[in-house]
Amino acid sequence: MSELRVRFAPSPTGYLHVGGARTALFNWLLARNKGGTFILRIEDTDVERSTRESVDAILEGMKWLGLEWDEGPFYQSDYFPLYKGYVQKLVTAGKAYRCYCGAEELDAKRNLAMAEGRKPKYDGCCRDLVAQPDDQPHVIRFRAPQNGATSFDDLIKGTITFPNEELDDLIIQRTDGTPTYNFCVVIDDATMSITTVIRGDDHVNNTPRQIQLYEALGFPVPQFAHVPMILGADKARLSKRHGATSVIAYRDMGYLPEALLNYLVRLGWSNGDDEIFSLEEMIQKFDINNVGRSASVFNTEKLNWLNAHYIKNSDPEGLADLLKPHLIARDLSTHNGPDLVAVIKTLQERSQTLEEMADRALFYYKAPTVYDEAALAKFDKELLLAVFAAVMEKLSSSSASDVAAIDALFKEVCSEAGWKMGQVGQPVRIALSGGTQAPGIGEIVVTLGVAETVRRIGAARDFVAGR
RNA sequence: GUCCCCUUCGUCUAGCCUGGCCCAGGACACCGCCCUUUCACGGCGGCGACACCGGUUCAAAUCCGGUAGGGGACGCCA
């Protein structure tokens, strides 16, 4: 076990989205790669917006992806007294002070500054107040250094430097006495001995302020690694209008966790030309230094390709369990019909998602009641009737039970009657599945069973004959 | 507006640190061809990028400067 300690710290104001999932994944990967510790911390200092449902949704997403944490989940709301103590410590040391400016007043100043093209930072009007009564509404501000610069060596972005004059005295405790985010992260990361902070790009601007806090409190400053954003197809920050962003939504759309993980790890990170990574390979090869510096666009097409890959290479028994919810959602029971595992084997090579697989599996359990008319129209009625009759006859008098034998049977039918395979296979496919997009004839027949096959062909024959 | 960051095929990226092997490699998508009883899988091939302008150098995707574009932050949100 190395000294490395990382954490994933989502705020429970929504579900676990793909961006957060990737951040969590990078943290998890680094911890597993270095034999470190991965901590889950829920940042719920905003009591107003944090919800239990969001916490549950995040935990559900983490578990589905298999990103197991070693410590936690810790809730910041459980540590308010701790934060308060540190706030007091800063006030006593003169490194923080009470500010009596009202929120509206501050808003007005900020808007005015923006409108006039000035930087909208706090003007420091309460900074040197002599009288600091405790019985009037106030927030606590951190007295930030005003000269010099604060810089850090980001593991992903390199050295980043901020002039201190750009930073103002940030609020560390609200009027209601609760601590704010920027203060809590510092206290938590310090007291939890976090050595490496991996988080979204949108936090770079907070980093210098936090570093100043670490220094004021006498804490060692951790290393930082800011991962770039994930964008939508229009290169704007990924949001719901780009489609699904929740990892649970991806589960429901029929994606495998290993596929999502594989897709996410390649979004921003690479290992030469490698594309497919098992969990073990990811852990072994992951290196935070190989994470790119620029934002990347979420591309569902590639996710689909990966998902198809994992579906193809998963064992059908495991797939059966994962597929069931999708079948149930279609009111489909697999009790009266072919073995689900056998069905899945015929569908693995042609499904990009479990949803697609469920759709394709439908016909095995529900005999077609309508047929693809356009496809049927390509054959003469007489040919159709002759083919159906010949196939039923051949099948009924044979004991063939494997795909190769069934295929051989169809070849016999063709050669005996002088038909081409297309003239026989396609009509039978339509008879069995209702349409033209289906697994190979031999596969369907074997999976469905000869009896059911003959029954369906008979039904199709009656349908054609009755037209 | 101010500050911070980013910029290689449509997309994800390799290469950049340690200039020449790069008239830039891989993958997804797309387009052909092959395989084939459909749909797929698979195989083969094709299309397609170093944002721009200067500089340094015998030589620049790689180093330096600038421009443009994009993103992020500027909250008593996280």
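The values are calculated or read from the model by the stated rules, or taken from the named source; none is laboratory data. Keep in mind the model is a prediction, meaning the values are calculated, not measured. Here Cβ is always computed from backbone atoms with ideal geometry, including for glycine, and neighbour counts include all displayed protein chains.
Within the range A:411-425, track down each residue that is crowded, with 18+ Cβ neighbours inside 10 Å and either near RNA strand B (Cβ under 6 Å from one of its atoms) or at pLDDT 95 or above (or both).
A:Gly425
Could you pull out every one of the strands (runs of 3 or more DSSP E) wholly within the range A:129-191 that has 3 or more residues that are under 30 Å from A:Gly72 (Cα atoms) and in the same structural domain as A:Tyr83 (by TED's automatic domain parsing)?
Passing ranges, in order: A:139-142, A:149-154, A:171-173.
Looking only at the range A:86-99, which residues are over 19 Å from A:Thr175 (Cβ atoms) and either surrounded by 16 or more Cβ atoms within 10 Å (Cβ to Cβ) or not hydroxyl-bearing (Ser, Thr, Tyr) (or both)?
Result: A:Lys89, A:Ala93, A:Gly94, A:Lys95.
Read through the list (1) in contact with a Pro (Cβ under 8 Å, 6 or more places away or on another chain); (2) more than 8 Å from RNA strand B (Cβ to nearest atom), then give the number of the only condition that A:Ala295 fails.
Looking at each condition in turn, A:Ala295 falls short on (2).
Which residue is farthest from RNA strand B (Cβ to nearest atom), if the candidates are limited to the range A:105-119 and must be out of contact with any Asp or Glu (no Cβ under 9 Å at 6 or more places or on another chain) and part of a loop (DSSP other than H, G, I, E, B)?
It comes out as A:Glu116.
Where in the range A:1-103 are there helices (runs of 4 or more DSSP H), lying wholly inside it, with at least 3 residues that are within 16 Å of the chain's Cα centre (by Cα)?
So the answer is A:18-34, A:52-65.
Check off (1) more than 24 Å from A:Glu48 (Cβ to Cβ); (2) among the acidic types (Asp, Glu); (3) more than 7 Å from RNA strand B (Cβ to nearest atom) for A:Glu166 and give me the number that stays unchecked.
For A:Glu166, the exception is condition (3).
Got a number for residues in the range A:329-356 being in contact with a helix residue (DSSP H, G or I) (Cβ under 9 Å, 6 or more places away or on another chain) and over 23 Å from A:Val450 (Cα atoms)?
10
Return the residues of the range A:200-245 that are at positive phi and either among the aliphatic types (A, V, I, L, M) or not in a loop (DSSP other than H, G, I, E, B) (or both); say none if nothing qualifies.
Within the range A:200-245, no residue meets the criteria.
Considering only the range A:310-410, give the helices (runs of 4 or more DSSP H) lying wholly within it that have at least 3 residues that are touching a His at 6+ places or on another chain (Cβ under 7 Å).
Helices (runs of 4 or more DSSP H) meeting the threshold: A:354-365.
Hey, can you tell me all the residues within the range A:426-455 that are away from RNA strand B (no atom under 15 Å from the Cβ) and not hydrophobic (A, V, I, L, M, F, W, C)?
The answer is A:Gly449, A:Glu452, A:Arg455.
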